[in-house]
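The values are calculated or read from the model by the stated rules, or taken from the named source; none is laboratory data. Owing to the predicted nature of the structure, the values given are computational and were not obtained by experimental measurement. Methodologically, a virtual Cβ is constructed for each residue, glycine included, from the backbone with ideal geometry; neighbour enumeration extends over all protein chains shown.
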Amino acid sequence: MTARGCTNTPVLKERGQREVFCGLTGIIWLHRKMQDAFFLVVGSRTCAHLLQSAAGVMIFAEPRFGTAILEEKDLAGLADAQTEIDREVARLLARRPDIRQLFLVGSCPSEVIKLDLARAAERLSAEHAPHVRVLNYSGSGIETTFTQGEDACLAAMVPGLPQTEAKELLMVGALPDVVEDQALALLAAMGVGPVRCLPARRSADLPAVGPNTVVALTQPFLGDTHAALMRRGAQSLSAPFPFGEEGTTAWLQAIATEFSVSPEVFEAVTAAPRARARKAVAAQAQDLDGKSVFFFPDSQLEIPLARFLTRECGMTAIEVGTPYLHRELLASELELLEEGPVLSEGQDVDLQLDRVRTARPDLTVCGLGLANPLEAEGLATKWAIELVFTPVHFYEQAGDLAGLFARPLRRRNLLSGLAPRVEAAE
Ligand code: SF4
C-alpha cells in the first residue's frame, strides 16, 4: 500500500532549549468551561503571576482559580505542606459552596519538593464527598507544553466517570460553549444523540464511559485523555480534526459513518454550513494564497493547521514543528498533509531560529517569547496561543480561523505600504 501525504516523511527530532508556556495556562480556558469547578494551583508567586496576567481582566464575580503559594518554609520542608493544603481547601470550600469539583494543580515548585497532591486529593475527596470531588493533575512546566494542562486535567477525570453500556458519542475537548452548541446542533440534525461532552459544563452532567462509548477528539493534544478513555474500553474514531471546512466535514463524516447516518441526511445537514465555510475561508484566503508558513512547536495544533492552510488557503508549509507527534491521533492529518514541509518534533530553539532566518517565510507561527524578536527582524508572526484562546473549530469559525493567519500579513502589508509615505512626509 502506498502511504499518502506526510505519513512516511522522516521527522526531525530535536531536544534542546525550548520556548513554551507551561500547562497552568490551560486553566484560563478550563475555568471558563467548567462552571462549578475550581483550580487551586499549588505553586509559587511566579505561577500566580502567570495565571493572573494570562487570565487578564477577571470577568466573574468570584474567580474559579487561585494559587496556594508555597513559601520558603514549605520549600525548605520546615512546614507540613499537606496540613496547609487541608487548611486552605477547608477555608475555600466553606466560603464557596458553589464548588463541586476541585482540582489541585501541581507546579514546578510542588514537584521539586515532591509534594504528593494525589494523596491530598484522595484524602480531601473522602472528607468533602459527596458534595465536592477533589482531583489532581500537573500543570508543571518541566518537560511539557501549555496544551498538556488540559490533557492532564481531562485525563485525571476519566477514572472517576460512571460506567455505561450505552452506545453514545463522547466529544472530548474544552470548546467554547457557543462552538460546542453548533457541533451538537449539527449532530442532532443528523439524528446522532444523545451526545456527551468531556469536560461537561457542570459536574452533574459528567459523561459516563464504557465499551460502547465512541470517542471523537476535538483537539489533537489530548493523547493522555485518549489513552485513559481507551483503558476504560471506549472506542476511538480516526478522523482529521474539525478545523476548516474539509476537516469539519471529515470529522462529521467519521461520526456519521459510525452512527449509520445516510448520505442524504449528511448532505442535507452539512450542505449549507459547508458552503458558508468555503465562502468565508475564500474571502480570507485571498491574503494567504501563495504565501509560505513556518510553524514553531507550541500548541500541538500545528499539523492540523498546516493541513488547513495548505489545502484550503493555498499556503505552502516550509516547516511544521510540533512539541510531540502523536502518530495515532494524527494519522488522518498526516495522510492529508501534502509532502514537502520539514516535520520536526521537539525543539532546539537556536537551530530552529537559524532555519526560519534562512527560509524567511511570509508567516511564522510561534510562541509569544519569539514573536517580538522575529517581528523586529522583519518576519510576520502569529501567536500560537491565540489559536487555543479563540473559537476556531467547525464550519462557522472556519473563516475566522483563516482570518487569524491573514491578519498579520495584512498588517505587514499596511505597514510596508505606510513606510514610503512616512519617509515622504519627513
Ligand atoms: S508551573 Fe513552573 S513554569 Fe509554570 S509558572 Fe509555575 S514555575 Fe513557571
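Tallying residues that are within 12 Å of the ligand (Cβ to nearest atom) and crowded, with 17+ Cβ neighbours inside 10 Å within segment 138-151 yields 9. For segment 109-122, which positions are assigned to a helix (DSSP H, G or I), in contact (Cβ under 8 Å) with a residue 60 or more places away in the chain and more than 15 Å from residue 152 (Cα to Cα)? 109, 110 - these are the residues of segment 109-122 that are assigned to a helix (DSSP H, G or I), in contact (Cβ under 8 Å) with a residue 60 or more places away in the chain and more than 15 Å from residue 152 (Cα to Cα).
Filtered by the rule that a residue be within 14 Å of the chain's Cα centre (by Cα) and buried (at least 21 other Cβ atoms within 10 Å of the Cβ), segment 172-188 gives 172, 173, 174, 175. Considering 425, 402, 359, the condition of being surrounded by fewer than 20 Cβ atoms within 10 Å (Cβ to Cβ), of a type in the set (A, V, I, L, M) and modelled with pLDDT of 95 or more is satisfied by 359 alone. Filtered by the rule that a residue be of a type outside the set (Lys, Arg) and farther than 10 Å from residue 150 by Cβ, segment 17-27 gives 17, 19, 20, 21, 22, 24.
I'd like the full set of residues that are closer than 19 Å to residue 175 by Cα and out of contact with any Lys or Arg (no Cβ under 7 Å at 6 or more places or on another chain), limited to segment 248-272. Once the filter is applied, which keeps residues that are closer than 19 Å to residue 175 by Cα and out of contact with any Lys or Arg (no Cβ under 7 Å at 6 or more places or on another chain), segment 248-272 yields 248, 250, 251, 252, 255. Filtered by the rule that a residue be part of a loop (DSSP other than H, G, I, E, B) and touching a Phe, Trp or Tyr at 6+ places or on another chain (Cβ under 6 Å), segment 241-257 gives a lone residue, 242. For segment 107-120, the count of residues that are more than 16 Å from the ligand (Cβ to nearest atom), of a type outside the set (D, E, K, R) and either under 22 Å from residue 33 (Cβ atoms) or surrounded by 13 or more Cβ atoms within 10 Å (Cβ to Cβ) (or both) is at least one. Here residue 298 meets the list (1) touching a Cys at 6+ places or on another chain (Cβ under 8 Å); (2) farther than 23 Å from residue 390 by Cα; (3) not in a strand (DSSP E or B) almost entirely, failing just condition (2).
In segment 335-409, counting only helices (runs of 4 or more DSSP H) that sit wholly within it, the ones holding 1 or more residues that are among the aromatic types (Phe, Trp, Tyr) and closer than 22 Å to residue 323 by Cβ span 386-389.
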